[in-house]
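**Q** Attaching a single structure in C-alpha cells format; questions to follow.
The values are calculated or read from the model by the stated rules, or taken from the named source; none is laboratory data. The structure presented is a predicted model; accordingly, all values stated were derived computationally and were not measured. Heads up, the Cβs are rebuilt from the backbone with ideal geometry, glycines too, and the neighbour counts pull from every protein chain shown.
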Amino acid sequence: MMVHGACHCGAIAYEAEVDPARATVCHCGDCQTLSGAAFRASVPANVEDFHLLKGVPKTYVKTAESGNRRIQAFCGDCGSPLYSADEVGAKTRTLRIGVMAERASLPPQRQIWCESALPWSQDLLPLPKIDKQ
C-alpha cells in the first residue's frame, strides 16, 4: 500500500510502500514519552521503499532498553514525529501512522510492550464520545 506522510506544518513530506498487515501499536515507555500519548502506532517500510519528497527531518538518537541505538526522526519546525530506524545499517524505517494521509486505512494488527501499557488505555470504548470539541 502506498502511503503519504507529512509533518503538521508541511515542511517535510514523504511517500512509502508499506504492508498494512504490519501496522503495530507500541505501549513501551519510550513510545509514550516520544509521542506524548499512551501509545504509538507505526508501520515499517523498507528503506528503498521510502522517499522524502520535501524537507529534511531533524534526528535524535535514543538508546532503547535492548541497547539498540535508534534514530528518531521528526520535523525540526513543528516537532511532528515521522519515523525511527536503527542508527547503523537500517533496512527499515518505522513510520508513524499519525502523520499519514492514509492513517484510517492502517488499523493496528498487533500490540507490543503491553506490560508497559497504561491501565486506562486498554478499554476506551465505554467512554462518552463527542464528535467535535
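**Q** Return the total of residues in the stretch 56-96 being outside any loop (DSSP other than H, G, I, E, B) and acidic (Asp, Glu).
**A** If we filter the stretch 56-96 for residues that are outside any loop (DSSP other than H, G, I, E, B), which is where we start, we get 58-63, 69-74, 81-86, 92-96.
Then drop every residue that is not acidic (Asp, Glu), which leaves 86.
Residues meeting the conditions: 1.
**Q** Can I ask one more? Take the stretch 100-132 and flag every residue that is at pLDDT below 85 and among the β-branched types (Val, Ile, Thr).
**A** The answer is ILE130, and nothing else.
**Q** Hey, can you tell me all the residues within the stretch 29-79 that are surrounded by fewer than 18 Cβ atoms within 10 Å (Cβ to Cβ) and at positive phi?
**A** Across the stretch 29-79, the qualifying residues are GLY36, GLY67, GLY79.
**Q** Would you check if there is a residue in the stretch 89-103 being closer than 21 Å to THR24 by Cα, surrounded by 13 or more Cβ atoms within 10 Å (Cβ to Cβ), touching an Asp or Glu at 6+ places or on another chain (Cβ under 9 Å) and not basic (Lys, Arg)?
**A** Yes, the stretch 89-103 has at least one match.
**Q** Do we find a residue being crowded, with 16+ Cβ neighbours inside 10 Å and closer than 30 Å to ALA13 by Cβ anywhere in the stretch 109-123?
**A** Among the residues of the stretch 109-123, at least one is crowded, with 16+ Cβ neighbours inside 10 Å and closer than 30 Å to ALA13 by Cβ, which makes the answer yes.
**Q** Out of the residues in the stretch 12-50 meeting the condition of being part of a loop (DSSP other than H, G, I, E, B) and touching a Leu at 6+ places or on another chain (Cβ under 9 Å), tell me which one is nearest to MET2 (Cα to Cα). Lay out the reasoning, then the answer.
**A** Start the filter on the stretch 12-50 by keeping residues that are part of a loop (DSSP other than H, G, I, E, B), which leaves 12, 18-19, 23, 27-28, 36-39.
From what's left, touching a Leu at 6+ places or on another chain (Cβ under 9 Å): 12, 18, 23, 27, 38-39.
Values: ILE12: 17, VAL18: 6, ALA23: 14, HIS27: 26, ALA38: 27, PHE39: 24 Å.
That would be VAL18.
**Q** Here is a further query. Which pairs do you get when a residue that is more than 19 Å from ALA13 (Cβ to Cβ), found in the stretch 81-107, comes within reach of a residue that is of a type in the set (Val, Ile, Thr), reach meaning Cβ atoms under 7 angstrom, with the pair 6+ apart or on two chains?
**A** GLU87/VAL61; GLU87/ILE71; ALA90/VAL47; LYS91/VAL47; THR92/VAL47
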